[in-house]
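**Student:** Below is one structure. I have some questions about it.
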2 protein chains.
Amino acid sequence: MNILNLNDDVSLKRPLEGGNEAQLQTVREVLQAVREQGDAAVKAYTAKWDGIELDSLRVTQEEIDEAVAGFDPQLYADLEEAAANIRLYHEAQKRTGYEVPLQDGSYLAQRITPLDAVGLYVPGGTAAYPSSVLMNVIPAQVAGVERIVFVSPVSKDGKQPAAVLVAAHILGITEIYKIGGAQAIAALAYGTETIAPVDKITGPGNIFVALAKREVFGEVDIDMIAGPSEICVLADETGYADEIAADLLSQAEHDVMACAVLITTSDDLADAVAAEVEKQLQKLPREAIARKSIETFGRIYVAESMEQAIKAVNTLAPEHLEIITANAEADSQKIRHAGAIFLGRYSSEPVGDYFAGTNHVLPTNSTARFASGLNVDDFVKKTSVVYYTKETWAQNAPKIARLARMEGLEGHARAVEARGWKKGE
Amino acid sequence: MNILNLNDDVSLKRPLEGGNEAQLQTVREVLQAVREQGDAAVKAYTAKWDGIELDSLRVTQEEIDEAVAGFDPQLYADLEEAAANIRLYHEAQKRTGYEVPLQDGSYLAQRITPLDAVGLYVPGGTAAYPSSVLMNVIPAQVAGVERIVFVSPVSKDGKQPAAVLVAAHILGITEIYKIGGAQAIAALAYGTETIAPVDKITGPGNIFVALAKREVFGEVDIDMIAGPSEICVLADETGYADEIAADLLSQAEHDVMACAVLITTSDDLADAVAAEVEKQLQKLPREAIARKSIETFGRIYVAESMEQAIKAVNTLAPEHLEIITANAEADSQKIRHAGAIFLGRYSSEPVGDYFAGTNHVLPTNSTARFASGLNVDDFVKKTSVVYYTKETWAQNAPKIARLARMEGLEGHARAVEARGWKKGE
């Protein structure tokens, strides 16, 4: 792993996979076909790309029961406990709106309403992560979304991974469809004979899914298009090299485009982590992926001071930030930009991926400067309310009419003036 | 105005101006030039398109003072009062994050941090609305954003409209640049020698501005790309036709693509409003625009019941909803989808455009199903925090490692297991 002196040019940014023109054209064809032909188009594309002839799109209760019955009880309990932790953390995000009383009974208000229906995309095969099901569904449930739909492609055996069905079952999700790809996104956005449309689509997918989500955005809402994962570890001489190296590799094993960075004030730690990364890489099942990531994007920066190091973290705005320093809590208060912060050596980043309760859907590629991890706010909308009594109207109408006329909008002024006093009330 | 029986096929959706390939190509050229050449490119495009040779991009304090000195004192006071009302309403949206204590001093937390820097685009010429300045800037100020930059093109006289400078002055905004178009968006997103980059760009603009905002999204955040304005009036027999007609026209005068709809349970009101709209149209300064809007998109729907009417409103998900019924407050509680609600006959929609305190940047084109008006949340981001003590780690590490291995991510499991117990602590 390269060891560099820290300067101001640090960056996490990597080229994003934007898809090519041919892929976009394919996606647009699929979207149009599903919009026009509904289920028939969804089934045709599923046959073409997944190699599966579906009689019925929907997963039956028997299929869910079968997945649950064959599932490891200890893992089932682990998933249940993780779900409870995630629910506990997200419950505190629930909001109720507010009212601002004005004179005479007039008031302003903000009302919070959950979305009616949300669709979750779950990738198939080896990329099927039950933890993603928990992280995407629970904030929507806490928000109060009544209908949560789940789509995921099936393997050649016609089945979805048992673990994702189990995760859905634990959360009480029963509307599950055996479809994936752009056709699944189209079905969720536009609806078909069997699938009612949703208002928002979340969840990761391949480039066709990502392109389809971009295309239907506006028709429905989508979550962020997440980039490859990142970790930045901020450590001083109190850090243990083997632990930090393991944490760096836990991100690097995700994807060759993943990015793992250590920023430290300790020369010794920098050397030791570099050595540990190499040592642990050699024993890692996903060595090839992790090695490519480390070689391409992995960096160890040595800072002259904690102040300089923290400044660099704020420039990076990493998705995941571990702070393993003598004053981790105090140092964390100086962080302005990070998706998620893990404090101290016992808060290894995978703790948050699976179990602690915070969300693992987080802003990547330095977008933590302005974006947040998935949360309950993403599944509600806010409506403002204005109630003016006659008295409040009478007092303010001349001001409002003047402001409207200043902007050249006479119709606005007249609308306000059209009230009571024109009738001699 | 057409009077129709209400059925389930109501829709507010209109084709969105997406720009053509040539416009997109132009915008991409501008973005690249500004990215590479900074101020020089900004000045060159300003000379080319605005016909203005700028020595300095920034508005001087003298120019601001001059605009303020020549401004109508009553309008100044009106703007000040509107700003105070807007601040009052938005202050209640400010949030502080939370902490969830776990065992042993472990905890989870959510921290809320304002964005560092925000840029507001204000269109030039006749579309320069000081009310937009208030509506875009105040939520950012309440959020705690430290740097708020304001860009607006100049007219042939080299000046920006006095009213927008005055609005900026009232809010204490002093970093103002005399630039517009795609080059201004580029300068805000990438930065130049004189303009430091921002994290988010808000505010309306022409098609080049809208395309440029879409292109820089990801590099920075943007607000929604707002479509043409809409109003839906829900009224029973208690409504006054002249008032409702005036309110419909106040939206129709914005834009030929604007949409004004009345849904009523009263046949008599339907007829009376149709007649009033025609009568008032003939005297409206912006008659041509409003008439085109009314003819193309204006509709009066007669509903068989208030229940049916409310269902239709929820299908429309209008930007602005006026409820002028005998039980307006109770009826409003049944509305699930609307950008802003105005209750009763004295709460004419322009009250909210200018003065009441709620925001006038609202979701259009039925996106109120999932989107909200501009608010303080749009200018903060949320960071999650996990702090596990050794005890909490020890208790949960086996579960986390099992979940990671279930997903085939051995490196994640090892990272969690790399802690204390491997050292015999």
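The values are calculated or read from the model by the stated rules, or taken from the named source; none is laboratory data. Everything quoted here is computed from the prediction, not taken from an experiment. Methodologically, a virtual Cβ is constructed for each residue, glycine included, from the backbone with ideal geometry; neighbour enumeration extends over all protein chains shown. The protein model used for the area step is the full one, side chains on, heavy atoms only, and it has no ligands, DNA or RNA in it. Shrake-Rupley method; radii C 1.70, N 1.55, O 1.52, S 1.80 Å.
**Student:** Determine, yes or no, whether B:Gly352 is at the interface with another protein chain (Cβ under 7 Å from one of its Cβ atoms), in a helix (DSSP H, G or I) and modelled with pLDDT of 95 or more.
**Tutor:** Yes: the conditions hold for B:Gly352.
**Student:** Only one of these is over 30 Å from A:Thr96 (Cα atoms), more than 12 Å from chain A (Cβ to nearest Cβ) and out of contact with any Asp or Glu (no Cβ under 8 Å at 6 or more places or on another chain): B:Leu79, B:Leu54, B:Leu75. Name it.
**Tutor:** Only one candidate passes the filter, namely B:Leu54.
**Student:** Residue check: is B:Glu407 assigned by TED's automatic domain parsing to the domain that holds B:Val10 and either farther than 30 Å from A:Leu409 by Cα or in contact with a helix residue (DSSP H, G or I) (Cβ under 8 Å, 6 or more places away or on another chain) (or both)?
**Tutor:** Considered against the rule, which asks whether it is assigned by TED's automatic domain parsing to the domain that holds B:Val10 and either farther than 30 Å from A:Leu409 by Cα or in contact with a helix residue (DSSP H, G or I) (Cβ under 8 Å, 6 or more places away or on another chain) (or both), B:Glu407 comes out as no.
**Student:** Test B:Ala67 against the stated conditions and say whether it is more than 29 Å from A:Val100 (Cα to Cα), open to solvent by less than 70 Å² (accessible area, probe 1.4 Å) and more than 8 Å from chain A (Cβ to nearest Cβ).
**Tutor:** Yes.
**Student:** Next question, about the same structure. Only one of (1) among the hydrophobic types (A, V, I, L, M, F, W, C); (2) surrounded by 20 or more Cβ atoms within 10 Å (Cβ to Cβ); (3) out of contact with any Asp or Glu (no Cβ under 7 Å at 6 or more places or on another chain) fails for A:Ala290. Which number is that?
**Tutor:** (3)
**Student:** What is the number of the single condition among (1) closer than 17 Å to A:Tyr301 by Cα; (2) of a type in the set (Val, Ile, Thr); (3) touching a strand residue (DSSP E or B) at 6+ places or on another chain (Cβ under 6 Å) that A:Thr265 does not meet?
**Tutor:** (3)
**Student:** Which count do you get for residues in region A:100-138 that are open to solvent by 40 Å² or more (accessible area, probe 1.4 Å), more than 10 Å from chain B (Cβ to nearest Cβ) and assigned to a helix (DSSP H, G or I)?
**Tutor:** Residues in region A:100-138 being open to solvent by 40 Å² or more (accessible area, probe 1.4 Å), more than 10 Å from chain B (Cβ to nearest Cβ) and assigned to a helix (DSSP H, G or I): 4 in total.
**Student:** Continuing with this model, one more query. Would you point out which residue out of A:Ala309, A:Ala303, A:Ala326, A:Ala338 is farther than 11 Å from A:Leu234 by Cβ and of a type in the set (A, V, I, L, M)?
**Tutor:** Numbers: A:Ala309 fails: farther than 11 Å from A:Leu234 by Cβ; A:Ala303 fails: farther than 11 Å from A:Leu234 by Cβ; A:Ala338 fails: farther than 11 Å from A:Leu234 by Cβ.
Matching residue, one of A:Ala309, A:Ala303, A:Ala326, A:Ala338: A:Ala326.
**Student:** Would you please list the contacts, defined by Cβ atoms under 6 Å and residues six or more apart or on different chains, that run from a residue in region B:335-346 that is within 7 Å of chain A (Cβ to nearest Cβ) to a residue that is in a strand (DSSP E or B) and charged (D, E, K, R)?
**Tutor:** That search, which allows pairs on different chains as well, returns B:Phe342/B:Glu322.
**Student:** Quick check on B:Ala47: is it over 30 Å from A:Val376 (Cα atoms), touching a Leu at 6+ places or on another chain (Cβ under 9 Å) and modelled with pLDDT under 95?
**Tutor:** yes
**Student:** Could you grab me the full set of residues in region B:329-348 that are crowded, with 22+ Cβ neighbours inside 10 Å and either of a type in the set (S, T, N, Q) or farther than 17 Å from B:Glu230 by Cβ (or both)?
**Tutor:** Residues satisfying the conditions are B:Ser332, B:Leu343, B:Arg345, B:Tyr346, B:Ser347, B:Ser348.
**Student:** Right, next: Provide a single number: the residues in region A:408-425 that are within 7 Å of another protein chain (Cβ to nearest Cβ) and either charged (D, E, K, R) or surrounded by 22 or more Cβ atoms within 10 Å (Cβ to Cβ) (or both).
**Tutor:** Total meeting the criteria: 9.
**Student:** Would you mind stating whether B:Lys94 is surrounded by fewer than 20 Cβ atoms within 10 Å (Cβ to Cβ) and free of Cβ contacts under 8 Å to residues at least 40 places away in the same chain?
**Tutor:** no
**Student:** Look through region B:392-407, keep the residues that are of a type in the set (A, V, I, L, M, F, W, C) and facing chain A (nearest Cβ under 7 Å), and return whichever of them is surrounded by the fewest Cβ atoms within 10 Å (Cβ to Cβ).
**Tutor:** Only one residue tops the list, namely B:Met406.
**Student:** OK, next. For the structure I just gave you, tell me whether A:Ile86 is closer than 28 Å to A:Ile185 by Cβ, in a loop (DSSP other than H, G, I, E, B) and open to solvent by less than 70 Å² (accessible area, probe 1.4 Å). Reasoning before the result, please.
**Tutor:** On the way: closer than 28 Å to A:Ile185 by Cβ: yes; in a loop (DSSP other than H, G, I, E, B): no; open to solvent by less than 70 Å² (accessible area, probe 1.4 Å): yes.
It is false that A:Ile86 is closer than 28 Å to A:Ile185 by Cβ, in a loop (DSSP other than H, G, I, E, B) and open to solvent by less than 70 Å² (accessible area, probe 1.4 Å).
**Student:** Residue by residue through region A:257-310, note down the ones that are in contact (Cβ under 8 Å) with a residue 12 or more places away in the chain and of a type in the set (S, T, N, Q).
**Tutor:** A:Thr264, A:Thr265, A:Ser266, A:Gln280, A:Ser293, A:Thr296, A:Ser305, A:Gln308
**Student:** Right, here's the next one. Considering only region B:370-391, state which residues are part of a helix (DSSP H, G or I) and either surrounded by 23 or more Cβ atoms within 10 Å (Cβ to Cβ) or more than 7 Å from every other protein chain (Cβ to nearest Cβ) (or both).
**Tutor:** To start, the set of residues in region B:370-391 that are part of a helix (DSSP H, G or I) comprises B:376-379, B:390-391.
Result: B:Val376, B:Asp378, B:Phe379, B:Glu391.
**Student:** Do we find a residue being touching a strand residue (DSSP E or B) at 6+ places or on another chain (Cβ under 7 Å), in a loop (DSSP other than H, G, I, E, B) and under 29 Å from A:Asp199 (Cα atoms) anywhere in region A:337-348?
**Tutor:** So far as region A:337-348 goes, yes, one or more of its residues are touching a strand residue (DSSP E or B) at 6+ places or on another chain (Cβ under 7 Å), in a loop (DSSP other than H, G, I, E, B) and under 29 Å from A:Asp199 (Cα atoms).
**Student:** Still on this model: Starting from residues that are surrounded by fewer than 24 Cβ atoms within 10 Å (Cβ to Cβ) and among the aliphatic types (A, V, I, L, M), keep the ones in region A:177-208 and report whichever is farthest from A:Ala117 (Cα to Cα).
**Tutor:** A:Ile207
**Student:** Out of all the residues in region B:253-263, is one or more facing chain A (nearest Cβ under 9 Å) and under 26 Å from B:Val361 (Cβ atoms)?
**Tutor:** Yes, some residue in region B:253-263 is facing chain A (nearest Cβ under 9 Å) and under 26 Å from B:Val361 (Cβ atoms).
**Student:** Could you please find all residues in region A:146-162 being open to solvent by 10 Å² or more (accessible area, probe 1.4 Å) and either at pLDDT 95 or above or not assigned by TED's automatic domain parsing to the domain that holds A:Gly205 (or both)?
**Tutor:** Once the filter is applied, which keeps residues that are open to solvent by 10 Å² or more (accessible area, probe 1.4 Å) and either at pLDDT 95 or above or not assigned by TED's automatic domain parsing to the domain that holds A:Gly205 (or both), region A:146-162 yields A:Glu146, A:Arg147, A:Ile148.
**Student:** Check off (1) surrounded by fewer than 24 Cβ atoms within 10 Å (Cβ to Cβ); (2) in a helix (DSSP H, G or I); (3) more than 9 Å from chain A (Cβ to nearest Cβ) for B:Val313 and give me the number that stays unchecked.
**Tutor:** Status for B:Val313: all satisfied but (1).
So that you can scan it fast, the table gives a plain yes or no per residue for (1) surrounded by 18 or more Cβ atoms within 10 Å (Cβ to Cβ); (2) within 17 Å of B:Ala413 (Cα to Cα); (3) of a type in the set (Val, Ile, Thr):
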{"residue": "A:Met224", "(1), (2), (3)": "yes, no, no"}
{"residue": "A:Asp236", "(1), (2), (3)": "yes, no, no"}
{"residue": "A:Cys259", "(1), (2), (3)": "yes, no, no"}
{"residue": "A:Thr265", "(1), (2), (3)": "yes, no, yes"}
{"residue": "A:Leu269", "(1), (2), (3)": "yes, no, no"}
{"residue": "A:Lys279", "(1), (2), (3)": "no, yes, no"}
{"residue": "A:Pro285", "(1), (2), (3)": "no, yes, no"}
{"residue": "A:Ile300", "(1), (2), (3)": "yes, no, yes"}
{"residue": "A:Glu322", "(1), (2), (3)": "yes, yes, no"}
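**Student:** Inspect region B:7-22 for any residue being open to solvent by 30 Å² or more (accessible area, probe 1.4 Å), in a helix (DSSP H, G or I) and either in contact (Cβ under 8 Å) with a residue 60 or more places away in the chain or among the β-branched types (Val, Ile, Thr) (or both) and give the result as yes or no.
**Tutor:** Looking for residues that are open to solvent by 30 Å² or more (accessible area, probe 1.4 Å), in a helix (DSSP H, G or I) and either in contact (Cβ under 8 Å) with a residue 60 or more places away in the chain or among the β-branched types (Val, Ile, Thr) (or both), one finds none in region B:7-22, hence no.
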